[in-house]
Ligand code: NZQ
Ligand code: ZN
């Protein structure tokens with residue numbers, strides 16, 4: 001097993017009716033900014049619950065954070081916080097609102113141009129405004145990790161950032177919020193979490209036995225509840241297992257002591273930046289082709305996954321690994337994903353060259369667990385995904 005440190009200070013408050021606990025989690029004298037997205041929280045009663053819980057607090061609101069949150073929008077919230085001297089943020093929404101809030105929290109006191117946090121990948125070590133979250137969409141695990149992804153309108157870039165100062169202080173996860181989600185977002189959540197496990201599991205055989213078993217358990221649970229929760233989002237058993245699986249997939253636990261990949265995400269982010277394709281759907285397009293192109297590197301783990309998660313029949317490693325990829329694509333289709341870029345946009349033809357050029361400019365010339373996903377491989381993966 002590789003050496004690791006596990007640090008996760010987020011107080012995760014999970015279950016029915018937990019939104020009422022906000023009042024005991026935020027300092028009484030805090031001047032709070034509530035951040036939210038396009039208004040779903042007004043329709044499903046979450047806003048009312050939050051405002052009720054914040055009765056007596058000094059509260060300002062900032063709405064309109066987009067899916068794939070925009071730097072330009074977030075900087076408006078930064079101005080409001082500086083102007084009104086607010087000192088706590090409460091993010092109410094999905095991954096976009098939470099990621100956006102992490103960026104706002106980091107930018108307010110940043111010494112320099114906050115754009116550098118993204119362009120120069122400056123780790124947010126300290127000096128961020130404290131924040132908590134009320135999660136309304138299980139998918140990203142942003143509620144219990146210290147990363148975020150922000151889109152810059154001006155340059156059409158989607159860039160990640162993070163650091164220990166942008167862990168949420170607390171996150172309230174009430175699975176009842178799942179009931180108002182559109183099918184498409186539930187499907188996205190399942191596939192995003194599924195791929196998060198893959199990025200930390202589908203590498204090469206290693207000595208971290210428990211991490212593999214936990215990862216396989218998350219995948220099995222997502223397979224079990226995924227198709228059902230799409231049809232029955234009010235079923236609490238399904239919704240709670242969906243929510244907890246998504247959090248567990250990227251709260252840092254399964255990545256400890258193991259090699260990781262993340263290239264599917266890196267390539268996927270470019271497809272969202274270019275075509276505004278939902279994050280999870282970009283992963284369903286790229287992931288299976290990345291496993292095909294990187295077959296020799298990943299085949300042992302693919303075979304293990306096929307055997308333990310899908311019960312594929314015994315065969316040689318290559319056969320089992322190939323079956324595992326096919327089972328995955330089938331599952332993505334069951335979850336409502338289209339898995340070809342051309343099914344989302346007619347303008348796909350120069351995508352591979354564009355992505356390669358971007359990666360080259362950023363110096364991302366060797367990705368993956370063995371640093372063998374070269375620019376040539378990226379081109380092959382993206383072209384295979386047309
Ligand atoms: O904006 P509102 O009106 O709230 O509507 C949202 C949005 O339109 C809606 N929604 C959320 N909760 C709802 C709801 N509608 C009805 N009922 C509810 N309970 O869903 C839509 C999508 O929301 P969004 O937050 O964009 O989705 P998601 O949680 O999938 O987040 C995606 C973003 O997270 C980033 C992605 O790149 C993308 O920008 N990621 C963040 C990660 C992280 N921080 O660790 C890791 C991921 O890999 C991912 O990259
Ligand atoms: Zn993701």
Touching a residue at least 60 places away in the same chain (Cβ under 8 Å), touching a helix residue (DSSP H, G or I) at 6+ places or on another chain (Cβ under 6 Å), over 22 Å from residue 185 (Cβ atoms) and in a helix (DSSP H, G or I) - does that describe any residue in region 274-289? yes
Being under 26 Å from the mean Cα position of the chain (by Cα) and more than 16 Å from ligand 1 (Cβ to nearest atom) narrows it down to one of 59, 78, so name that one. 78
Evaluation of residue 315 against (1) surrounded by 14 or more Cβ atoms within 10 Å (Cβ to Cβ); (2) in a helix (DSSP H, G or I) (one fails), failing number: (2)
Would you check which residues across region 220-233 are in contact (Cβ under 8 Å) with a residue 40 or more places away in the chain and within 16 Å of ligand 1 (Cβ to nearest atom) and list them? 226, 229, 230, 233
Taking the residues in region 277-317 that are within 16 Å of ligand 2 (Cβ to nearest atom) and over 18 Å from residue 380 (Cα atoms) as candidates, determine which candidate is farthest from the chain's Cα centre (by Cα). 277
Suppose we keep only residues that are farther than 14 Å from residue 91 by Cβ and in contact (Cβ under 8 Å) with a residue 40 or more places away in the chain within region 123-138. Which one would you say is farthest from ligand 2 (Cβ to nearest atom)? 125
Scope region 46-65; condition touching a residue at least 12 places away in the same chain (Cβ under 8 Å) and more than 24 Å from residue 85 (Cα to Cα); matching residues: 46, 49
Going by the structure shown, is residue 221 at negative phi, part of a helix (DSSP H, G or I), more than 16 Å from ligand 2 (Cβ to nearest atom) and within 19 Å of the chain's Cα centre (by Cα)? yes
Of the criteria (1) without any contact (Cβ under 8 Å) to a residue 24 or more places away in the chain; (2) within 16 Å of ligand 2 (Cβ to nearest atom), which one residue 155 fails: (2)
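Quick note: the coordinates plus some simple rules give every number you see, no bench work behind them. Bear in mind that the values here come from a model prediction, so they are computed numbers and not experimental data. Note that each Cβ is placed from the backbone with ideal geometry, even for glycine, and that neighbours are counted across all protein chains shown.
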